[in-house]
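These notes concern the structure reproduced below.
The values are calculated or read from the model by the stated rules, or taken from the named source; none is laboratory data. All values derive from a computational prediction rather than experimental measurement. For neighbour counting, all protein chains shown are included, and Cβ atoms are generated from backbone atoms with ideal geometry for every residue, glycine included.
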Amino acid sequence: MIRHYLTVAELTATELEGLLDRADEHRADRRPRDGLAGRTIGLIFEKPSTRTRVSFEVAINELGGTPLVLSSRDLQLGRGETIADTARVLSRYVHGLVVRTFAQHRLEQLAEHGTVPVVNALSDHSHPCQALADLQTMRARFGDLAGVRLAYVGDGNNVAHSLLRAGALTGMHVTIVHPEGHPPQAQVVAEAEQVATVSGGSVATTTEPQDGVKGAHAVYTDVWASMGQEDEHAARVGRFAPYQVDVDLVALADSDAIVLHCLPAHRGEEIAAEVIDGPRSVVWDQAENRLHTQKALLELLYGALS
Ligand code: CP
Ligand code: NVA
């Protein structure tokens with residue numbers, strides 16, 4: 001059976017724990033492996049990327065596979081060839097597709113019409129690969145994720161959606177602290193609430209930064225204007241300013257709290273320089289963990305993860 005990874009919802013709690021265990025093994029030992037030996041994985045990015053593209057390329061290489069970077073501008077896709085036809089054809093050549101695109105339905109179409117695994121490398125709806133690295137990073141600090149209080153402060157966006165689902169699945173208490181008018185999608189919240197009833201975690205949303213961050217073990221933020229929202233940036237700055245993760249806000253969190261950011265960061269906007277460059281910040285480990293978790297994910301999708 002072909003397995004895709006379009007959202008975190010594709011994973012059970014047990015699979016996610018196993019994936020994170022395997023990612024820890026990869027972090028401890030980067031010797032080359034062979035889980036993708038003989039396989040070529042196509043990487044299509046319709047938006048810029050530093051971490052996701054490079055970490056996938058390296059991960060595929062270190063698992064014995066061959067990454068094939070396909071710029072969407074150079075594909076006929078950019079000239080109107082349908083996604084369905086692109087999926088059908090590429091499936092005859094490559095053994096999988098890692099795709100960063102705007103709309104989630106484009107990924108769903110690729111998965112529907114292709115015959116190889118499709119991985120979401122970020123869409124407007126979710127960023128499920130990021131959430132894996134986020135969890136590995138928090139687990140390294142807290143051991144067990146169950147019971148960890150996480151406050152995500154900022155836009156209720158793709159990163160927030162995946163974090164919410166992954167946190168709920170692992171028994172975390174996740175609070176999304178967002179400005180008025182920028183909540184996470186109601187359906188994502190409702191599904192995460194459902195998942196949390198099984199895991200013992202919880203999900204909450206609030207527009208009050210101080211209340212939301214109080215006592216948190218981990219404080220997370222992301223850009224105020226995501227890729228594709230550049231023209232909203234100026235309007236958002238005013239609305240989001242009270243939500244900057246600065247020293248005063250972090251002081252309300254647990255005294256040992258850590259700070260995460262998926263990167264790229266905008267110092268002086270969503271996060272103060274003293275915070276991201278300060279002692280609580282784990283953002284560089286978090287970025288590194290993209291590599292280890294994506295190796296484990298690929299092993300899971302290709303059946304190499306027992
Ligand atoms: N965090 C993340 O996905 O970074 P890139 O946009 O650089 O891939
Ligand atoms: N929310 C951001 C994440 C970047 C990794 C965006 O979509 O641009």
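Scanning the stretch 89-125 for residues being within 16 Å of Thr52 (Cβ to Cβ), crowded, with 21+ Cβ neighbours inside 10 Å, of a type in the set (A, V, I, L, M, F, W, C) and in contact (Cβ under 8 Å) with a residue 60 or more places away in the chain gives a total of 5. Applying the set (1) closer than 21 Å to Leu20 by Cβ; (2) in contact (Cβ under 8 Å) with a residue 40 or more places away in the chain to Val203 leaves exactly one unmet item: (2). Among the residues making up the stretch 188-239, none is more than 22 Å from the chain's Cα centre (by Cα), buried (at least 17 other Cβ atoms within 10 Å of the Cβ) and assigned to a loop (DSSP other than H, G, I, E, B).
Filter the stretch 69-103 down to the residues that are part of a helix (DSSP H, G or I) and under 12 Å from Gly42 (Cβ atoms), then identify the one that is farthest from the chain's Cα centre (by Cα).
Filtering the stretch 69-103 for residues part of a helix (DSSP H, G or I) gives 76-79, 83-90.
Now narrow it down to the ones that are under 12 Å from Gly42 (Cβ atoms): 77, 86-87, 89-90.
Numbers: Leu77: 25, Thr86: 25, Ala87: 23, Val89: 28, Leu90: 25 Å.
It comes out as Val89.
Only one entry of Val99, Val89 meets the criterion of being out of contact with any helix residue (DSSP H, G or I) (no Cβ under 7 Å at 6 or more places or on another chain) and modelled with pLDDT of 95 or more, and that entry is Val89. Here Leu263 fulfils each of the conditions (1) within 16 Å of the chain's Cα centre (by Cα); (2) within 11 Å of ligand 2 (Cβ to nearest atom); (3) surrounded by 20 or more Cβ atoms within 10 Å (Cβ to Cβ) apart from (3).
How many residues, within the stretch 62-88, are exposed (fewer than 14 other Cβ atoms within 10 Å of the Cβ) and more than 16 Å from ligand 1 (Cβ to nearest atom)? Final tally of qualifying residues: 10.
Can you tell me how many residues in the stretch 136-152 are farther than 13 Å from Ser199 by Cα and of a type outside the set (Ser, Thr, Tyr)? Before the answer, list the steps.
We begin by selecting, within the stretch 136-152, every residue farther than 13 Å from Ser199 by Cα; these are 136-143, 149-152.
With the extra rule that they be of a type outside the set (Ser, Thr, Tyr), the set shrinks to 136, 138-143, 149-151.
Qualifying residue count, the stretch 136-152: 10.
If we scan the stretch 284-298, do we find a residue that is within 19 Å of the chain's Cα centre (by Cα) and more than 30 Å from Asp144 (Cβ to Cβ)? Let's see the steps before the verdict.
Step one: filter the stretch 284-298 for residues within 19 Å of the chain's Cα centre (by Cα), giving 284-298.
Right, trim to more than 30 Å from Asp144 (Cβ to Cβ) and you get none.
No, every residue in the stretch 284-298 fails to be within 19 Å of the chain's Cα centre (by Cα) and more than 30 Å from Asp144 (Cβ to Cβ).
Against the definition (among the hydrophobic types (A, V, I, L, M, F, W, C) and within 30 Å of Ala192 (Cα to Cα)), how does Leu16 come out, yes or no? The answer is yes for Leu16. Candidates are the residues of the stretch 126-144 that are buried (at least 24 other Cβ atoms within 10 Å of the Cβ) and in a loop (DSSP other than H, G, I, E, B); the one that is farthest from the chain's Cα centre (by Cα) is Ser126. Close Cβ contacts (under 9 Å, 6 or more residues apart or on different chains) running from residues in the stretch 26-52 that are on the phi > 0 side of the Ramachandran plot and away from ligand 1 (no atom under 16 Å from the Cβ) to residues that are modelled with pLDDT of 95 or more and assigned to a strand (DSSP E or B) comprise Gly38/Thr66.
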